[in-house]
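Have a look at the structure below before the remarks.
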Amino acid sequence: MIKKDPATPSPPSPEYPWRGISPGFHVIHGNLLEDLRDLMVQWISEAPLPPLEPETILVQSNGISQWLKFALAESGVAMGLEITLPARLQWRLYRATPGNEAVPAISPYDKELLVWRILRILPELLPDPAFTELQRFLADPADLLRRYELALRIADLLDQYQVYRADWLSAWQEGRLEGPEVFPEEHHWQARLWQRLCEDMPLELHGTDRATIHQRCLDYLRTCREAPQGLPPRIIAFGMSTLTAPVIEALQAASRFSQVLLFVHNPCRYHWTEIGEPRGILTRQRRRSRPGRDSLQEEDLHFHGHPLLISWGMQGRDYIGLLDSLDETGQSEVFRSPGESCLLHQLQEDIFELRSLEETRERWQDPLSIPDKSLTFHNAHSALREIEILHDNLLEAFEEDPDLEPRDVMVMVPDITSYAPLVSAVFGQHSRDDLRRIPYTISDQTLRDTDPVVSALETLLDISSSRATLEEILGLLETPSLREAFGLNEEDLSILEQWACEAGIRWGIDGAHREQFDIPHRIEQNTWRFGLRRMLLGYATGERSLWQGIAGFEGVAGLEAESLGKLARLIERLDRFRKDISTPRPPQEWSELLRGLLEDFFRPRQPREEETLEALGRALHLWEAACRQGGFQEEIPLTVVRQGWMERLDTPGLTQRFFAGAVNFATLMPMRAVPFKMICLLGMNDKEYPRQQQPLGFDLMQLRGNTRTGDRSRREDDRYLFLEALLSARKRLYISWAGRSIQDNSLRSPSILVSRLRDHLDRGWTSPTPAESPEPSPGVSASLTREYPLQPFSNAYRDPGTELFTYAREWWHPPKEEKPLPSLLFRSGEARTPSLRDLQQLLRLPCQVYFSEGLDVTSFGHDTKELPQEEPFSAIGLDRWHLQQELIEDILLDPGKTPQEHFNRLVLAGKTPVPPFHRSLEEACLADGEDMISRYRQELPSEESDLLPGSIRARITLGRGQVILEEEIFPVFTMDGGLLKRLILTPTRLTNSKGPETERLRREKLLSYWPGHLAANAAGEAMTTTVAGLHTTVTLHPLPPEEACRYLEDLFELWHEATAQPLPATPATAFAWFSLDCSCDSTGSPLWDETLLKRIKTQQKTSLDHEYNQSTRLQRIWSSWQEIWQAPAFAETARRLYFPLYHHTSSQPPAGSPAKSPAKLPAKEKRPR
C-alpha cells in the first residue's frame, strides 16, 4: 500500500502493471479524488490513444464531468473526450454484439416506452384472477389518469427488476413462477404481466430484453477472438461510488480487448467491507489488513472500525466488496493522509485509518483548540435565516482566508427547488459595486421551476379546469414571448389591468365556461366577455352609454385602445383552445393540437426562449413516439398527456452547467463528491434528511428474504452522500438546520445524521475547560454550534460579548442624534412642510407617519392591493360604501334621470350581486341615497342650489412672511349673507345607533375634514364645514383665526415629531379615554386598572380591538392597544392631537385642560382622579 506525506504536493507515481494501452481490468483505490484525478491525467498523458481516437470516460454526474474537463484542460488541451454515462456505453456494447442487430437505439423495455405498453395491456389482463389486487384499484375503467399513474409505477419497478433482478424476469418470461425467495400469491400478476409484455413486442424485437441481450453480449465478449467493432481501446470509470453488477460484468468482459480503469473513491486505506456485517463472512479480512487487528478475536472482528463508516458507508462497502470479489483484477492504491491540523482533518484521518472510538480517544487526548472553524454547526429558525446566516459566514470566511474564492465553495441542500428563491433573494440583493456581493449560481433547477415560458404553458394547459381569473389571465401577459405573439408591450399591462378591474371582470371566460363550476343559466356578469363588451361599447360610443343590456365603460380612449383589441384576441383564442382540450383525443391528434398551441401563443424574442420552445417541441415528439412504439392509440384526456409531456422536458444528462466561478448551490445527489475547500450542507432537518421514499406495496425487492447486496435504498444513498460531503471538504465543513420553531422558538431536532456526527465528536474529543470554571466543559459539539436569533435585526447582535455578527448594515443605522425640536417659527425649512393630506394621515394613524417619512416604508407585504377574484355576492363594508358613493355622485351629476335608472346602470355594470339577489341592496341604497341627497340639498344656498361649488385658497404665513401652507379647499359654497360653507356628501356612517346621544358621534370619521377646516379658519375665512353622511349631518362651526392657528401649529409640530419616533396615540384610544373623563393618576398618566376596563363600554372595546387588529403598523410597534394606553407620552399626545376636535364637537367636553393645548376648558373642570 502507498502512503504519502500530506505536505508533498504531487501524487505518487508507483510502477503500475499497465503503463501502455494493453488490455486488462484494473481498479485504483484512493481516498482523495484530486489524487485519482491527477493520476488519471498522468496516465492519459504518458499513454495517449492513437490520433482521432476519443478518450472514453464514464462518470455519473455533470459535476464530476466538468471537474475532469477542467483538470485535463489545465494539463494541455481537453479535446477528443467522450464523457458519458455508464448505461449509455453499456447499451452501445449491447448493440455492437453480433446477434443484437435488431436492438434499437432506445430499448423497447425502457421505462418511458414500457409505460404506454402497460397502459394499453392492463385492461385486457384485469379479468385474470391473478390481477385481483389491481382490479380493486382500477375499479373505474374511465379513470385513465389513475391507470396511467399505476402504469408509471409498474414500469419503474420493472425497470429496477431489469437491473437488479434480471434472473426473475428470465424465469417469468419462460412462464415459470419462480425467482423471488418470497413470492406471495397476490403478487403473481407481475410475472403474468411481464410475460404478456414480452409476447406483445413485435417479432423483430423478441429477445431484446436487457437480461437476454446482456447475457448474449457477455458470451460474445468472453469467447470472441477479435475486438468488437466500436469498442473503445480504453475505458475509464472515474469517481463513482457505485456501479450495478451488469455494468461491471460488461466492463470486465470488455477488458479482454480494452484497457478498463476504475478509479474508485475509497475513504479508508484498509479493507473495511466486512465491518458491521454478520460473522462468518470474513473471507478476505487479511487482504489490506490493518496492523494490530490480529489481537482481536475473529468473532469480534466485524465490529472493529469507525462508527460513522459502519453507519453510513453501506453503499460504498457493497460496491468495493463487489470489486474485490472479481477475478483477474488488478488492484492498486493511491492513498494519502488527510492530515491532523484541524478537527475536520482529524475526523477524516480517523476514517482513513479505520479507528474505533476507543482509538480515537487515545489518539486525540489533548483538548480541542477553540475556535476551530473547520467543522461548524449553525442552528437557525427557518430556511431563509439559514441563507442569511450563510451569507454572513461566507463573507467572514473570505475575509479570514484570502486563498478562499467563491468557486471554492459548494452549498448543497436536500431540495434546491424550495431554496432557490431564498438564495436569489439574499445573495441577489447586493449591487455589483457592493463589497458584500458574492457571485452565485444555482444548479439542478428544471425548466418547470425557472422558465417563464413553461410556466405560462402550464397555465394554458390548466385553462379547461381553472376559473380563468383576472390574475391568471393578466399573469400570462407577464411572459414576453406570449405578449409578442399578440403584439402587446410591457407598458400595456398596467392600463389593461386598470381597465379590466374597473370594467368588472372577475373570473370565467363567459357564461358557458362558468357552467362547469355549477353556475346556472349561463350568467355572463363579471366574466371576460362581459367586461370586453363593456369596454368595446364604451370605446365605440365614447360615453357612459346603455345598449342592449350592456353598460358602456367610459375609460377606454385614445391610442391605448389598440391594446384592447389585442386582449380580446387573446381571450378568443383561449376560449377556442379551452374547448379543444376538453375532449379526449388520440396521442397523434394531441401532438398536432399542442404544436399549434406553441405556435399560436408564443413568439420567441430571446435565444433562451427559442431553446425552451425547441425543448418543448422535442419533448412532445418523444412522447408521441413513445406512445406509437408502445402501440397506444387510445383516446386520453389532457391530464395524462400533460404529465407524460412534462416528464420528458427535464431529462437528466451531463450538459448542465456546474462550475461557473461562483458559489454553487445544488441538490444533494449521488456521485457528487467533488472536492471543495468549503462545503456547506443546509436544510439538515429531522425527517427531511435522509429523505423519505415510500416504497411500493408490490415491490418484491423490499420483502424480507428478497434483498440482495448492492440493492439501492434512498436512505442509504443519503447516508453515503453525507459521508462523501464530510470527506470532500478540504478546509471547512458547514452544517446548518432549522433547529428552532419560527412560531414558538421551541427546539427542533436536526437530521439523525447530524445528531450522530455530534454524538461521535462529543465521545471522541474533549473541549477545553476554562481555568476559572468549576463546571465541566460542555461537549465539543456545543462549542462548535452557534445559535442565531429569529430576525437579522435582533438586539442579540448588539451585545458586545456575543459571537454573533452580521454584515447587513442596513439593519444597524447609527441612531440619529436627538435634538430638541424647535418651535415651528424657527424651522425655516429644515424639513419639508407637511400638506393637509399629511396632516390627515397623522390624525388617522400617527405611527404611519413614522413608517412612511422616518423609515421610508410605504407598505407592508399584505398591504399591497390584490386583484379582485370574486364577483360581488353582497355589498357590505367598503364595497357598500363605494357603491353608495357612486350612486349619489351619478344622481347629482345627472339629475335628469331617476335614482332607479342610475341604480339599474350599476347593476348592468356588474357592481351589484347578480339579479335577482340585488333587490334588498337596491331598496336600501335608493332609500339611503334619497335621504342623504335630500339633506345635502337642504344645506345648499337657497337661491343658488343649481350652481357648482367653488373653492378657497388657504394661505398661512409665519411672522416673517414665510409661507408654510397654501392649498385649495373645496367644495365651498357661499351662503346667504356671504358666509362660507364647505359641504361634503359621503355615505359614511357618522354616528352609532346605540349609546347616549352625546357619545354616538363617531369623531374618527371627521378627522379627514378637520385639517382643512382649521386651515380655512386660520387663514381668516370664517368657514363652516358640514358633512352630510348616512342618516346624520354633522356641522363643524367656525373657529377664531388665533385658535385655529394654534391648533394647526400643534399639528405641524406633532407631524415633525412623528417622523422621528412613533407617537403613542390612536383615534380610538384617545376618544375612548376622553369619554372616561381623562382619568389620570398623580403623575398625569392615564389610569389603567380593572375598574377602568369595566367602564369601557362594549362598543368602545370593539372599536379599540378592531382598530388594532386592522393595522399591521400598530402591531409592529405595540403588542396591544392597552400598551399604547399605558405609554408615558399617551396622555400628552392624545390631548394635542385629538382633544381640539373632541372639544369642538362635544356639548360637555372632558375636564383636564391639556397643558400644551390652546383650547380653553370650562372653569368647572373635573380634577384627575
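Every read-out reported here was derived from the displayed coordinates using simple, explicitly stated rules and does not represent laboratory data. What you see is a predicted model, and the numbers here were worked out from it, not measured in a lab. Ideal geometry is used to build each Cβ from the backbone, glycine not excepted, and the neighbour counts take in all protein chains shown.
The GluC sites (Glu not before Pro) of the range 541-626 that meet both conditions, a loop assignment by DSSP and at most 11 other Cβ atoms within 10 Å of the site Cβ, are Glu543.
For Ser258, the residues whose amide H sits under 5 Å from its own are Gly24, ignoring neighbours fewer than 5 places away on the same chain, with H placed 1.01 Å from N. How about Lys373: which aspartates and glutamates have a C-alpha closer than 12 Å to its C-alpha, ignoring those fewer than 8 places off in the same chain? Partners within reach: Glu396, Glu400, Asp401.
Here's how it looks for Ala237: its modeled amide H is under 5 Å from those of Leu58, Leu261, Leu262, Phe263, which are all 5 or more places away or on a different chain. Selection among Val972, Leu251, Leu138 by position relative to the dipole of the chain gives Val972 as farthest towards the positive end (Cβ unit charges, Cα centre).
The angle between the Cα long axis of helix 638-647 and the main principal axis of the chain comes to about 60°, on a 0 to 90 degree scale.
Over the chain, DSSP H runs of length four or greater, each weighted -39,500 (n - 2.57), average out per residue to a 222 nm ellipticity of -13000 deg cm²/dmol.
For the chain, the longest principal axis of the Cα atoms and the long axis of helix 86-96 meet at an angle of about 50 degrees. When the pairs Lys69/Lys731; Lys566/Lys897; Lys69/Lys677; Lys911/Lys1005 are compared against a 30 Å limit on Cα-Cα distance, Lys566/Lys897 fall above it. Along the axis of the charge dipole computed for the chain (Cβ charges of +1 for Lys and Arg, -1 for Asp and Glu, origin at the Cα centre), the listed residues Pro607, Pro421, Phe530 are led at the positive end by Pro421. Of all beta bridges that DSSP places with both ends in the chain, some 30 percent have antiparallel geometry.
Summed over all non-identical Cα pairs, the Kirkwood treatment of the chain gives a radius of 37.2 Å. In percent, rounded to a whole number, the relative contact order of the range 607-745 is 30, using alpha-carbon pairs under 8 Å and six or more apart.
The value of relative contact order for the chain, using C-alpha pairs under 8 Å at least six residues apart, is 12 percent. Estimated from the Cβ-Cβ distance and a Förster radius of 41 angstrom, the FRET efficiency linking Ala808 and Ala512 is about 0.15.
Dimensions of the range 111-200 based on its C-alpha atoms, expressed as ranges along the principal axes with the largest first, amount to 36, 28, 21 Å. Of all aspartates and glutamates in the structure, the ones whose alpha carbon falls short of 19 Å from that of Lys687, not counting any fewer than 8 places away in one chain, are Glu386, Asp415, Glu716, Asp717, Asp718, Asp759. Relative to the dominant Cα principal axis of the chain, helix 452-461 is inclined by about 80°.
A cut-off of 5 Å between modelled amide H atoms, ignoring neighbours fewer than 5 places along the same chain, links Leu32 with Arg336.
When only the Cβ of Lys, Arg, Asp and Glu is charged (+1, +1, -1, -1), the dipole of the range 834-1063 relative to its Cα centre reaches about 280 debye. Each Lys and Arg contributes +1 and each Asp and Glu -1, all at the Cβ; summed about the Cα centre of the chain, the dipole is approximately 1040 debye.
Ranking request for peptides 490-503, 361-374, 409-422, 62-75: highest mean number of other beta-carbon atoms within 10 Å first, then the rest in descending order.
409-422, 62-75, 490-503, 361-374
Taking other residues whose beta carbon is less than 13 angstrom from the beta carbon of Leu144, and scoring Lys, Arg as +1 and Asp, Glu as -1, yields 0. Quotient of the Cα radius of gyration of the range 465-581 and 2.2 N^0.38 Å, N being its number of residues: 1.04.
Using DSSP to define loop residues, name the trypsin sites (Lys or Arg not before Pro) in the range 142-237 whose beta-carbon has at most 14 other beta-carbon atoms within 10 Å.
Sites meeting the loop and neighbour criteria: Arg176, Arg225.
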